[in-house]
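Report on the structure given below.
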Amino acid sequence: MNQNYPDFTADTELDRVRGWTSDFAEENQRPPTYFIQTFGCQQNDHDSEIAAGILEEMGFAEGTSVDDSELVLFNTCSVRANADERFFGHVGRLKPIKKKTLPVIGVLGCMMEQDLHRDVLFKTFSYVDFALGAGAMELLPAALGDVLYSERKQGTRDLTRKESDPFATGQPVRRVKPHRALITVMTGCNNICSYCIVPYTRGREKSRPYEQIMEEAIGTVRSGAVEIMLLGQNVNSYGNDVRLQGGQAPGFAELIRDISLIESLGIVRFMTSHPKDLSDELIEVIGSYPVIEPHVHLPIQSGSDRILKKMNRKYTAAHFLDRVHRLRDSRPGLTITTDLIVGFPGEDEEDFEATLRVMEEARFDAAFTFLYSPRSGTPAASLYDQGDRDLVQGRFERLVELQNQISLESNRSLLGKTVEVLLDGPSRRDPRILSGRTRDDRLVNVSFDDSTSLQADGTDHVNPYVGSFVRVKIVKAGSFSLEGHADIP
Ligand code: SAH
Ligand code: SF4
Ligand code: F3S
(Lines give C-alpha, C1' and ligand atoms only; values in the text may rest on other atoms or scores of the structure.)
(Ligands and ions follow the chains in the order given, each with its own letter.)
Protein backbone atom coordinates (compact mmCIF):
# COMPACT_ATOMS: atom_id res chain seq x y z
CA MET A 1 0.00 0.00 0.00
CA ASN A 2 1.06 3.54 -0.58
CA GLN A 3 2.68 4.80 2.60
CA ASN A 4 3.16 8.40 1.52
CA TYR A 5 0.65 9.99 3.84
CA PRO A 6 1.29 13.53 5.07
CA ASP A 7 2.66 13.89 8.58
CA PHE A 8 0.14 15.93 10.51
CA THR A 9 2.61 17.03 13.21
CA ALA A 10 4.70 18.79 10.54
CA ASP A 11 1.80 21.17 9.82
CA THR A 12 2.94 24.75 10.48
CA GLU A 13 -0.69 25.85 10.90
CA LEU A 14 -0.52 24.29 14.36
CA ASP A 15 1.99 26.91 15.47
CA ARG A 16 -0.20 29.78 14.32
CA VAL A 17 -3.03 28.60 16.60
CA ARG A 18 -0.57 27.81 19.40
CA GLY A 19 0.48 31.48 19.25
CA TRP A 20 -3.12 32.56 19.79
CA THR A 21 -3.80 30.13 22.66
CA SER A 22 -0.63 31.10 24.50
CA ASP A 23 -1.46 34.83 24.21
CA PHE A 24 -4.93 34.06 25.52
CA ALA A 25 -3.56 32.01 28.41
CA GLU A 26 -1.16 34.79 29.40
CA GLU A 27 -3.92 37.40 29.39
CA ASN A 28 -6.52 35.30 31.19
CA GLN A 29 -4.35 33.13 33.41
CA ARG A 30 -6.01 30.03 31.99
CA PRO A 31 -6.05 28.23 28.65
CA PRO A 32 -8.94 28.85 26.24
CA THR A 33 -11.54 26.07 26.32
CA TYR A 34 -13.40 24.12 23.64
CA PHE A 35 -16.73 22.31 23.64
CA ILE A 36 -17.75 19.81 20.95
CA GLN A 37 -21.30 18.64 20.39
CA THR A 38 -21.42 15.48 18.31
CA PHE A 39 -24.34 14.04 16.33
CA GLY A 40 -24.49 10.83 14.31
CA CYS A 41 -22.55 7.59 14.22
CA GLN A 42 -19.36 6.22 15.79
CA GLN A 43 -17.40 7.56 12.85
CA ASN A 44 -18.41 11.04 13.97
CA ASP A 45 -17.70 10.22 17.63
CA HIS A 46 -14.21 9.30 16.57
CA ASP A 47 -13.75 12.37 14.36
CA SER A 48 -14.64 14.45 17.43
CA GLU A 49 -11.97 12.59 19.40
CA ILE A 50 -9.47 13.60 16.73
CA ALA A 51 -10.71 17.23 16.80
CA ALA A 52 -10.31 17.26 20.60
CA GLY A 53 -6.80 15.79 20.29
CA ILE A 54 -5.77 18.42 17.75
CA LEU A 55 -7.21 21.25 19.85
CA GLU A 56 -5.40 20.10 22.99
CA GLU A 57 -2.21 19.80 20.98
CA MET A 58 -2.68 23.46 20.06
CA GLY A 59 -3.22 24.64 23.64
CA PHE A 60 -6.99 24.44 24.19
CA ALA A 61 -8.45 22.72 27.25
CA GLU A 62 -11.76 20.86 27.39
CA GLY A 63 -14.66 23.06 28.55
CA THR A 64 -17.81 22.03 30.35
CA SER A 65 -20.55 23.67 28.25
CA VAL A 66 -21.37 25.77 25.22
CA ASP A 67 -21.87 28.85 27.41
CA ASP A 68 -18.41 29.07 28.91
CA SER A 69 -16.16 27.97 26.05
CA GLU A 70 -14.07 30.09 23.69
CA LEU A 71 -14.52 27.57 20.88
CA VAL A 72 -17.73 25.69 20.11
CA LEU A 73 -17.76 22.95 17.49
CA PHE A 74 -20.71 21.01 16.14
CA ASN A 75 -19.96 17.71 14.43
CA THR A 76 -23.02 17.13 12.27
CA CYS A 77 -24.87 14.14 10.80
CA SER A 78 -27.18 14.11 7.80
CA VAL A 79 -28.47 10.56 7.73
CA ARG A 80 -32.10 11.46 8.52
CA ALA A 81 -34.02 14.74 8.54
CA ASN A 82 -34.27 14.85 12.33
CA ALA A 83 -30.46 14.79 12.59
CA ASP A 84 -30.27 17.95 10.44
CA GLU A 85 -33.06 19.64 12.37
CA ARG A 86 -31.55 18.95 15.78
CA PHE A 87 -28.31 20.58 14.68
CA PHE A 88 -30.02 23.73 13.33
CA GLY A 89 -31.90 24.00 16.65
CA HIS A 90 -28.63 23.90 18.60
CA VAL A 91 -26.77 26.38 16.43
CA GLY A 92 -29.76 28.76 16.57
CA ARG A 93 -29.53 28.89 20.34
CA LEU A 94 -25.98 30.26 20.14
CA LYS A 95 -26.96 33.65 18.73
CA PRO A 96 -27.38 35.40 22.10
CA ILE A 97 -24.08 34.12 23.47
CA LYS A 98 -21.94 35.16 20.51
CA LYS A 99 -20.11 38.35 21.49
CA LYS A 100 -18.02 40.27 18.98
CA THR A 101 -15.54 37.52 18.20
CA LEU A 102 -16.00 34.82 20.84
CA PRO A 103 -16.90 32.08 21.08
CA VAL A 104 -15.51 30.98 17.74
CA ILE A 105 -18.16 28.69 16.23
CA GLY A 106 -17.20 25.95 13.79
CA VAL A 107 -19.37 23.34 12.09
CA LEU A 108 -17.87 20.01 11.06
CA GLY A 109 -19.12 16.73 9.71
CA CYS A 110 -21.42 15.22 7.12
CA MET A 111 -23.83 18.15 6.69
CA MET A 112 -20.87 20.32 5.72
CA GLU A 113 -20.09 18.07 2.77
CA GLN A 114 -23.38 19.17 1.18
CA ASP A 115 -23.76 22.56 -0.53
CA LEU A 116 -27.43 22.60 0.39
CA HIS A 117 -26.67 22.69 4.11
CA ARG A 118 -23.62 24.92 3.87
CA ASP A 119 -25.73 27.53 2.06
CA VAL A 120 -28.51 27.44 4.67
CA LEU A 121 -25.96 27.60 7.46
CA PHE A 122 -24.12 30.63 6.20
CA LYS A 123 -27.24 32.50 5.11
CA THR A 124 -29.23 31.93 8.27
CA PHE A 125 -26.58 31.79 10.96
CA SER A 126 -24.13 34.52 10.03
CA TYR A 127 -22.36 34.27 13.39
CA VAL A 128 -20.93 30.84 12.48
CA ASP A 129 -17.22 31.30 11.72
CA PHE A 130 -16.18 28.29 9.71
CA ALA A 131 -17.24 24.96 8.22
CA LEU A 132 -15.19 21.86 7.66
CA GLY A 133 -16.53 18.75 5.92
CA ALA A 134 -16.38 15.21 7.30
CA GLY A 135 -13.00 13.64 6.75
CA ALA A 136 -11.26 17.03 6.55
CA MET A 137 -10.15 17.13 10.18
CA GLU A 138 -6.56 17.43 9.05
CA LEU A 139 -7.47 21.00 8.00
CA LEU A 140 -8.84 22.05 11.40
CA PRO A 141 -5.70 24.02 12.37
CA ALA A 142 -5.79 25.95 9.08
CA ALA A 143 -9.51 26.73 9.32
CA LEU A 144 -9.27 27.81 12.93
CA GLY A 145 -6.09 29.82 12.40
CA ASP A 146 -7.77 31.74 9.58
CA VAL A 147 -10.66 32.70 11.84
CA LEU A 148 -8.51 33.61 14.85
CA TYR A 149 -6.40 35.90 12.69
CA SER A 150 -9.42 37.02 10.65
CA GLU A 151 -7.96 36.29 7.26
CA ARG A 152 -10.94 34.50 5.86
CA LYS A 153 -14.44 34.00 7.07
CA GLN A 154 -17.18 31.45 6.82
CA GLY A 155 -17.38 29.50 3.58
CA THR A 156 -14.92 31.58 1.61
CA ARG A 157 -12.57 28.67 1.56
CA ASP A 158 -14.18 25.38 0.66
CA LEU A 159 -12.72 22.98 3.15
CA THR A 160 -14.09 19.53 2.49
CA ARG A 161 -12.68 16.03 2.34
CA LYS A 162 -11.80 16.54 -1.32
CA GLU A 163 -8.67 18.45 -0.47
CA SER A 164 -7.85 16.58 2.70
CA ASP A 165 -6.31 13.25 3.61
CA PRO A 166 -8.26 11.28 6.21
CA PHE A 167 -5.25 9.11 6.97
CA ALA A 168 -2.68 11.82 7.68
CA THR A 169 -0.29 10.21 10.12
CA GLY A 170 0.32 11.52 13.63
CA GLN A 171 -3.12 13.07 14.19
CA PRO A 172 -3.52 13.25 17.95
CA VAL A 173 -6.59 11.57 19.46
CA ARG A 174 -8.21 12.48 22.76
CA ARG A 175 -10.19 9.34 23.60
CA VAL A 176 -13.48 9.84 25.43
CA LYS A 177 -12.83 6.63 27.34
CA PRO A 178 -9.20 5.59 27.64
CA HIS A 179 -10.17 1.92 27.81
CA ARG A 180 -12.02 2.08 24.46
CA ALA A 181 -10.09 2.80 21.27
CA LEU A 182 -12.20 3.65 18.23
CA ILE A 183 -10.01 2.96 15.20
CA THR A 184 -10.90 3.80 11.60
CA VAL A 185 -10.17 1.03 9.11
CA MET A 186 -11.79 2.69 6.12
CA THR A 187 -13.77 5.75 5.16
CA GLY A 188 -16.58 6.26 2.66
CA CYS A 189 -18.97 3.81 1.05
CA ASN A 190 -19.39 2.41 -2.46
CA ASN A 191 -22.77 0.81 -1.99
CA ILE A 192 -25.11 3.63 -3.00
CA CYS A 193 -28.13 2.25 -1.17
CA SER A 194 -30.86 4.32 -2.79
CA TYR A 195 -32.05 5.99 0.45
CA CYS A 196 -28.65 6.80 1.94
CA ILE A 197 -26.72 10.07 2.00
CA VAL A 198 -23.47 8.63 3.39
CA PRO A 199 -21.75 7.91 0.03
CA TYR A 200 -22.21 11.59 -0.83
CA THR A 201 -20.98 12.95 2.48
CA ARG A 202 -18.12 10.53 3.11
CA GLY A 203 -17.23 9.81 -0.50
CA ARG A 204 -16.05 6.55 -2.02
CA GLU A 205 -14.43 3.75 -0.05
CA LYS A 206 -10.86 4.30 0.95
CA SER A 207 -9.04 1.68 3.01
CA ARG A 208 -6.51 2.76 5.56
CA PRO A 209 -3.13 1.05 5.23
CA TYR A 210 -2.89 -2.17 7.25
CA GLU A 211 0.38 -1.11 8.90
CA GLN A 212 -1.12 2.17 10.07
CA ILE A 213 -4.10 0.40 11.64
CA MET A 214 -1.91 -2.19 13.38
CA GLU A 215 0.42 0.50 14.68
CA GLU A 216 -2.46 2.49 16.17
CA ALA A 217 -4.06 -0.66 17.62
CA ILE A 218 -0.86 -1.87 19.29
CA GLY A 219 -0.16 1.65 20.59
CA THR A 220 -3.61 2.00 22.19
CA VAL A 221 -3.37 -1.39 23.92
CA ARG A 222 0.09 -0.47 25.25
CA SER A 223 -1.38 2.70 26.70
CA GLY A 224 -4.22 0.88 28.42
CA ALA A 225 -7.04 0.22 25.94
CA VAL A 226 -8.98 -2.95 26.75
CA GLU A 227 -11.44 -2.67 23.89
CA ILE A 228 -10.84 -1.82 20.24
CA MET A 229 -13.74 -0.85 17.99
CA LEU A 230 -12.90 -1.06 14.28
CA LEU A 231 -14.89 1.45 12.27
CA GLY A 232 -16.04 1.66 8.68
CA GLN A 233 -19.39 2.01 6.89
CA ASN A 234 -18.83 -1.41 5.37
CA VAL A 235 -15.83 -3.05 7.06
CA ASN A 236 -16.24 -6.28 5.08
CA SER A 237 -15.01 -4.61 1.91
CA TYR A 238 -11.76 -3.55 3.56
CA GLY A 239 -8.92 -3.55 1.01
CA ASN A 240 -11.18 -3.90 -2.08
CA ASP A 241 -10.28 -0.43 -3.37
CA VAL A 242 -6.57 -1.19 -3.12
CA ARG A 243 -6.88 -4.59 -4.81
CA LEU A 244 -9.00 -3.11 -7.60
CA GLN A 245 -6.16 -0.75 -8.38
CA GLY A 246 -3.74 -3.64 -8.58
CA GLY A 247 -2.30 -3.16 -5.10
CA GLN A 248 -2.04 -5.71 -2.32
CA ALA A 249 -4.02 -5.52 0.89
CA PRO A 250 -5.26 -8.10 3.36
CA GLY A 251 -9.01 -8.56 3.70
CA PHE A 252 -11.03 -7.69 6.80
CA ALA A 253 -10.96 -11.28 8.10
CA GLU A 254 -7.17 -11.20 8.19
CA LEU A 255 -7.06 -7.71 9.67
CA ILE A 256 -9.42 -8.45 12.57
CA ARG A 257 -7.69 -11.76 13.28
CA ASP A 258 -4.32 -10.00 13.53
CA ILE A 259 -5.80 -7.37 15.83
CA SER A 260 -7.37 -10.01 18.05
CA LEU A 261 -3.89 -11.50 18.55
CA ILE A 262 -2.49 -8.30 20.12
CA GLU A 263 -1.26 -9.25 23.55
CA SER A 264 -3.49 -8.21 26.48
CA LEU A 265 -6.30 -6.84 24.33
CA GLY A 266 -9.62 -7.73 26.01
CA ILE A 267 -12.06 -7.47 23.11
CA VAL A 268 -12.25 -6.29 19.51
CA ARG A 269 -15.57 -5.01 18.17
CA PHE A 270 -16.35 -3.95 14.61
CA MET A 271 -19.04 -2.18 12.65
CA THR A 272 -20.74 -2.10 10.23
CA SER A 273 -21.02 -5.33 8.25
CA HIS A 274 -22.93 -5.39 4.97
CA PRO A 275 -24.83 -8.68 4.47
CA LYS A 276 -23.70 -9.00 0.84
CA ASP A 277 -20.02 -8.82 1.83
CA LEU A 278 -19.99 -10.89 5.02
CA SER A 279 -17.74 -13.71 3.83
CA ASP A 280 -17.51 -17.31 5.01
CA GLU A 281 -13.88 -16.58 5.82
CA LEU A 282 -14.88 -13.78 8.22
CA ILE A 283 -17.55 -15.96 9.82
CA GLU A 284 -14.90 -18.62 10.42
CA VAL A 285 -12.53 -16.10 11.99
CA ILE A 286 -15.30 -14.77 14.26
CA GLY A 287 -15.95 -18.37 15.32
CA SER A 288 -12.30 -19.15 16.03
CA TYR A 289 -10.83 -16.17 17.89
CA PRO A 290 -12.42 -15.58 21.31
CA VAL A 291 -11.13 -11.99 21.61
CA ILE A 292 -13.40 -11.02 18.69
CA GLU A 293 -16.83 -10.05 20.05
CA PRO A 294 -19.50 -12.74 19.67
CA HIS A 295 -21.76 -10.13 18.10
CA VAL A 296 -22.38 -8.85 14.58
CA HIS A 297 -24.30 -5.74 13.62
CA LEU A 298 -25.86 -6.77 10.32
CA PRO A 299 -28.39 -4.25 8.98
CA ILE A 300 -31.19 -5.91 7.02
CA GLN A 301 -33.24 -2.73 6.26
CA SER A 302 -36.18 -4.74 4.88
CA GLY A 303 -37.27 -8.37 4.64
CA SER A 304 -38.98 -7.92 1.25
CA ASP A 305 -36.90 -8.84 -1.81
CA ARG A 306 -38.85 -6.32 -3.87
CA ILE A 307 -37.97 -3.47 -1.48
CA LEU A 308 -34.39 -4.67 -1.01
CA LYS A 309 -34.00 -4.41 -4.76
CA LYS A 310 -35.39 -0.88 -4.82
CA MET A 311 -33.05 -0.05 -1.96
CA ASN A 312 -30.15 -1.37 -4.05
CA ARG A 313 -29.02 -3.60 -1.19
CA LYS A 314 -27.87 -6.43 -3.52
CA TYR A 315 -29.01 -9.40 -1.39
CA THR A 316 -32.23 -11.29 -0.81
CA ALA A 317 -33.95 -12.15 2.46
CA ALA A 318 -32.89 -15.78 1.91
CA HIS A 319 -29.23 -14.79 1.60
CA PHE A 320 -29.51 -12.67 4.72
CA LEU A 321 -31.02 -15.54 6.71
CA ASP A 322 -28.30 -17.87 5.45
CA ARG A 323 -25.68 -15.47 6.86
CA VAL A 324 -27.55 -15.31 10.17
CA HIS A 325 -27.70 -19.09 10.53
CA ARG A 326 -24.05 -19.53 9.59
CA LEU A 327 -23.00 -16.89 12.10
CA ARG A 328 -25.03 -18.49 14.89
CA ASP A 329 -23.61 -21.92 14.03
CA SER A 330 -20.06 -20.57 14.08
CA ARG A 331 -20.13 -19.47 17.68
CA PRO A 332 -22.52 -20.42 20.47
CA GLY A 333 -24.35 -17.47 22.01
CA LEU A 334 -23.40 -15.02 19.24
CA THR A 335 -25.82 -12.09 19.10
CA ILE A 336 -27.02 -10.36 15.94
CA THR A 337 -28.33 -6.82 15.85
CA THR A 338 -29.75 -4.96 12.88
CA ASP A 339 -31.14 -1.75 11.38
CA LEU A 340 -34.59 -1.58 9.78
CA ILE A 341 -36.29 1.09 7.71
CA VAL A 342 -40.09 1.35 7.64
CA GLY A 343 -41.97 3.26 4.93
CA PHE A 344 -39.54 3.10 2.04
CA PRO A 345 -41.36 4.44 -1.07
CA GLY A 346 -43.74 1.82 -2.44
CA GLU A 347 -43.61 -0.48 0.60
CA ASP A 348 -47.00 -2.21 0.89
CA GLU A 349 -48.56 -4.46 3.52
CA GLU A 350 -47.17 -7.57 1.86
CA ASP A 351 -43.62 -6.17 1.90
CA PHE A 352 -44.02 -5.17 5.51
CA GLU A 353 -45.29 -8.59 6.52
CA ALA A 354 -42.29 -10.15 4.77
CA THR A 355 -40.11 -8.04 7.06
CA LEU A 356 -41.99 -9.24 10.15
CA ARG A 357 -41.54 -12.86 9.03
CA VAL A 358 -37.80 -12.45 8.55
CA MET A 359 -37.57 -10.85 11.99
CA GLU A 360 -39.33 -13.84 13.53
CA GLU A 361 -36.85 -16.16 11.87
CA ALA A 362 -33.68 -14.14 12.39
CA ARG A 363 -34.57 -13.34 16.03
CA PHE A 364 -32.40 -10.24 16.24
CA ASP A 365 -31.14 -9.64 19.74
CA ALA A 366 -31.71 -5.91 19.21
CA ALA A 367 -32.69 -3.63 16.34
CA PHE A 368 -32.51 0.04 15.48
CA THR A 369 -35.72 0.92 13.69
CA PHE A 370 -36.09 4.03 11.53
CA LEU A 371 -38.86 5.75 9.62
CA TYR A 372 -37.74 6.34 6.06
CA SER A 373 -36.53 9.90 5.64
CA PRO A 374 -36.06 11.23 2.10
CA ARG A 375 -32.57 12.70 1.64
CA SER A 376 -32.11 15.22 -1.09
CA GLY A 377 -29.60 14.03 -3.68
CA THR A 378 -30.21 10.31 -3.13
CA PRO A 379 -31.93 8.21 -5.83
CA ALA A 380 -34.90 7.29 -3.60
CA ALA A 381 -35.72 10.92 -2.79
CA SER A 382 -37.19 11.38 -6.25
CA LEU A 383 -39.44 8.30 -6.09
CA TYR A 384 -43.05 9.32 -6.34
CA ASP A 385 -44.76 7.34 -3.61
CA GLN A 386 -43.57 8.39 -0.17
CA GLY A 387 -46.38 6.49 1.59
CA ASP A 388 -49.27 7.41 3.86
CA ARG A 389 -47.88 8.78 7.13
CA ASP A 390 -50.43 7.19 9.49
CA LEU A 391 -50.12 3.85 7.78
CA VAL A 392 -46.34 3.96 7.99
CA GLN A 393 -46.45 5.06 11.63
CA GLY A 394 -48.76 2.14 12.41
CA ARG A 395 -46.36 -0.30 10.76
CA PHE A 396 -43.46 1.22 12.62
CA GLU A 397 -45.24 0.60 15.93
CA ARG A 398 -46.03 -3.02 15.03
CA LEU A 399 -42.41 -3.59 14.11
CA VAL A 400 -41.10 -2.07 17.32
CA GLU A 401 -43.54 -4.12 19.37
CA LEU A 402 -42.44 -7.38 17.76
CA GLN A 403 -38.75 -6.52 18.15
CA ASN A 404 -39.17 -5.52 21.80
CA GLN A 405 -40.72 -8.87 22.54
CA ILE A 406 -37.88 -10.75 20.76
CA SER A 407 -35.22 -8.60 22.47
CA LEU A 408 -36.82 -9.27 25.84
CA GLU A 409 -36.80 -13.02 25.25
CA SER A 410 -33.17 -12.85 24.19
CA ASN A 411 -32.18 -10.85 27.27
CA ARG A 412 -34.18 -13.14 29.57
CA SER A 413 -32.02 -16.06 28.50
CA LEU A 414 -29.27 -14.53 30.65
CA LEU A 415 -31.32 -14.36 33.88
CA GLY A 416 -29.52 -16.00 36.76
CA LYS A 417 -26.32 -16.42 34.76
CA THR A 418 -22.98 -14.83 35.53
CA VAL A 419 -21.40 -13.05 32.56
CA GLU A 420 -18.42 -10.82 31.91
CA VAL A 421 -19.19 -7.11 31.61
CA LEU A 422 -16.75 -4.41 30.51
CA LEU A 423 -17.61 -1.45 32.73
CA ASP A 424 -17.75 1.89 30.93
CA GLY A 425 -18.61 4.32 33.74
CA PRO A 426 -21.44 5.57 35.94
CA SER A 427 -24.94 5.02 34.60
CA ARG A 428 -26.94 8.09 33.64
CA ARG A 429 -29.51 7.73 36.39
CA ASP A 430 -27.45 6.76 39.41
CA PRO A 431 -23.69 7.31 39.82
CA ARG A 432 -23.46 4.33 42.17
CA ILE A 433 -24.58 2.04 39.37
CA LEU A 434 -22.07 1.40 36.60
CA SER A 435 -23.11 0.64 33.08
CA GLY A 436 -21.20 -1.60 30.76
CA ARG A 437 -21.51 -4.11 27.95
CA THR A 438 -21.32 -7.87 27.83
CA ARG A 439 -18.98 -9.50 25.34
CA ASP A 440 -22.00 -10.02 23.10
CA ASP A 441 -22.83 -6.30 23.34
CA ARG A 442 -25.76 -6.15 25.73
CA LEU A 443 -26.12 -3.12 27.96
CA VAL A 444 -25.98 -3.98 31.68
CA ASN A 445 -26.45 -1.73 34.71
CA VAL A 446 -24.31 -3.12 37.47
CA SER A 447 -24.65 -2.61 41.23
CA PHE A 448 -21.96 -3.35 43.81
CA ASP A 449 -22.14 -4.76 47.31
CA ASP A 450 -20.30 -2.10 49.17
CA SER A 451 -19.36 1.51 48.62
CA THR A 452 -16.77 0.60 45.96
CA SER A 453 -18.33 3.15 43.69
CA LEU A 454 -18.38 6.11 46.06
CA GLN A 455 -15.85 8.22 47.83
CA ALA A 456 -16.10 8.86 51.57
CA ASP A 457 -18.05 12.08 51.01
CA GLY A 458 -20.58 10.14 48.94
CA THR A 459 -20.17 12.28 45.85
CA ASP A 460 -17.34 11.53 43.53
CA HIS A 461 -17.23 8.37 41.57
CA VAL A 462 -13.99 6.42 41.83
CA ASN A 463 -14.97 2.86 41.13
CA PRO A 464 -11.69 1.05 40.45
CA TYR A 465 -13.36 -1.39 38.07
CA VAL A 466 -14.23 1.15 35.36
CA GLY A 467 -12.47 0.08 32.16
CA SER A 468 -12.17 -3.57 33.13
CA PHE A 469 -14.16 -6.75 32.76
CA VAL A 470 -15.95 -7.92 35.91
CA ARG A 471 -18.15 -10.94 36.48
CA VAL A 472 -21.78 -9.93 36.90
CA LYS A 473 -24.79 -11.99 37.97
CA ILE A 474 -27.81 -11.00 35.87
CA VAL A 475 -30.89 -10.42 38.05
CA LYS A 476 -33.31 -8.52 35.79
CA ALA A 477 -33.93 -8.37 32.05
CA GLY A 478 -35.74 -5.76 29.96
CA SER A 479 -36.04 -5.23 26.21
CA PHE A 480 -33.19 -2.71 26.08
CA SER A 481 -30.94 -3.56 29.02
CA LEU A 482 -30.13 -5.92 31.85
CA GLU A 483 -29.51 -5.41 35.54
CA GLY A 484 -26.88 -7.30 37.44
CA HIS A 485 -24.83 -7.53 40.56
CA ALA A 486 -21.03 -7.50 40.50
CA ASP A 487 -19.59 -10.79 41.65
CA ILE A 488 -16.27 -9.62 43.02
CA PRO A 489 -14.37 -12.07 45.21
N1 SAH B 1 -23.12 1.72 6.79
C2 SAH B 1 -24.07 1.25 7.66
C3 SAH B 1 -24.94 2.26 8.36
C4 SAH B 1 -25.23 3.56 7.76
S5 SAH B 1 -26.41 4.64 8.44
C6 SAH B 1 -24.89 0.23 6.92
O7 SAH B 1 -24.87 0.13 5.74
O8 SAH B 1 -25.60 -0.47 7.58
C9 SAH B 1 -27.20 3.76 9.73
C10 SAH B 1 -28.61 3.34 9.44
O11 SAH B 1 -29.41 4.47 9.19
C12 SAH B 1 -28.78 2.48 8.21
O13 SAH B 1 -28.48 1.15 8.45
C14 SAH B 1 -30.24 2.68 7.89
O15 SAH B 1 -31.05 1.76 8.57
C16 SAH B 1 -30.53 4.07 8.43
N17 SAH B 1 -30.74 5.03 7.37
C18 SAH B 1 -29.86 5.47 6.45
N19 SAH B 1 -30.46 6.34 5.62
C20 SAH B 1 -31.74 6.47 6.01
C21 SAH B 1 -32.86 7.20 5.55
N22 SAH B 1 -32.77 7.99 4.49
N23 SAH B 1 -34.04 7.10 6.22
C24 SAH B 1 -34.13 6.28 7.30
N25 SAH B 1 -33.13 5.55 7.77
C26 SAH B 1 -31.94 5.64 7.14
FE1 SF4 C 1 -25.42 3.92 3.42
FE2 SF4 C 1 -25.72 1.59 2.26
FE3 SF4 C 1 -23.30 2.62 2.51
FE4 SF4 C 1 -24.56 1.76 4.66
S5 SF4 C 1 -23.91 0.49 2.94
S6 SF4 C 1 -23.47 3.69 4.44
S7 SF4 C 1 -26.69 2.25 4.22
S8 SF4 C 1 -24.95 3.44 1.25
FE1 F3S D 1 -24.40 10.57 10.02
FE2 F3S D 1 -22.28 10.93 8.54
FE3 F3S D 1 -22.35 8.97 10.28
S4 F3S D 1 -24.37 11.18 7.87
S5 F3S D 1 -24.49 8.43 10.32
S6 F3S D 1 -22.40 11.10 10.77
S7 F3S D 1 -21.35 8.94 8.31
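The values are calculated or read from the model by the stated rules, or taken from the named source; none is laboratory data. Keep in mind the model is a prediction, meaning the values are calculated, not measured. Cβ placement follows ideal geometry from the backbone for every residue including glycine, while neighbour counts extend to all protein chains displayed. Heavy atoms of the whole protein, side chains included, go into the accessibility calculation; ligands, DNA and RNA do not. Shrake-Rupley method; radii C 1.70, N 1.55, O 1.52, S 1.80 Å.
Tabulated values for the structure
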quantity	calculated
Sites matching trypsin sites (Lys or Arg not before Pro) across the range 282-331 that sit in DSSP coil, with at most 15 neighbouring C-beta atoms within 10 Å	Lys314
Label-point separation in nm, Thr64 to Asp23, each point 7 Å along Cα→Cβ	2.9
Label-point gap, in nm, between Asp322 and Arg471 - each point 7 angstrom along Cα→Cβ	4.2
Carbon + sulfur, % of accessible area of the chain - ligands and nucleic acids excluded, 1.4 Å	50
Ranked order, Arg180, Arg471, Arg118 - accessible area, probe 1.4 Å, largest first	Arg471, Arg180, Arg118
Arg429-Asp329 pseudo-label distance in nm [points 7 Å out on the Cα-to-Cβ vector]	4.1
Solvent-accessible area per residue, Å², over the range 194-262 with all protein chains present [probe radius 1.4 Å]	38
Rounded to the nearest 10 Å², the accessible area of Thr169 at probe 1.4 Å	50
Long-range amide H partners of Ala367 with built H, under 5 Å	Thr338
Subset of Lys206/Lys310; Lys310/Lys417; Lys206/Lys309 violating a 32 Å alpha-carbon distance limit	Lys310/Lys417
Length-normalised contact order of the chain in % [C-alpha pairs under 8 Å, at least 6 apart]	10
Test item: Cα-centred dipole of the chain, Lys/Arg +1 and Asp/Glu -1 on Cβ, debye	540
Between the range 102-131 and the range 255-290, the Cα center-to-center distance that results, in Å	38
5 angstrom amide H check on His297, placed H, neighbours 5+ away	Ser273, Thr337
All lysines inside 17 Å of Lys314 as judged from Cα atoms, apart from same-chain residues fewer than 8 positions distant	Lys276
Residue-normalised accessible area of the range 294-413, expressed per residue, 1.4 Å probe, Å²	46
Rounded FRET efficiency, nearest 0.05, which uses the C-beta distance separating Ile218 from Glu420 and R0 of 35 Å	0.90
Added length on full extension, which subtracts the Cα-Cα distance from 0.36 nm per residue, Asp15 to Val291	95.2 nm
The chain pair-distance distribution - Cα-Cα, 10 Å bins, rounded %	4, 18, 27, 28, 18, 5, 0
Reach of Lys123 by Cα under 18 Å, taken over lysines that are not fewer than 8 positions away in the same chain	Lys95, Lys98, Lys153
Backbone HN-Hα couplings from phi across the range 354-368 [Karplus 6.51/-1.76/1.60, Hz, Gly and Pro as x]	4, 5, 4, 5, 5, 4, 4, 7, 6, 6, 4, 6, 7, 8, 9
Total formal charge among the other residues, if their Cβ is under 14 angstrom from that of Tyr210, Lys/Arg +1 and Asp/Glu -1	-2
Protein-only accessible surface order, largest first, of Glu361, Glu284, Glu353, Glu347 at 1.4 Å	Glu284, Glu361, Glu353, Glu347
Gain in span if fully extended, Leu402 to Gln37, counting 0.36 nm per residue against the direct Cα distance	128.0 nm
Exposure of Cys41 as accessible area (Å², to 10), given a probe of 1.4 Å and all protein chains	60
Modelled FRET efficiency - R0 30 Å, Glu361 with His485, Cβ distances, 0.05 increments	0.30
For the range 8-158, accessible area per residue (1.4 Å probe, heavy atoms of protein chains only), Å²	43
At R0 = 25 Å, FRET efficiency that the Cβ-Cβ distance of Arg306 and Glu281 yields, to 0.05	0.25
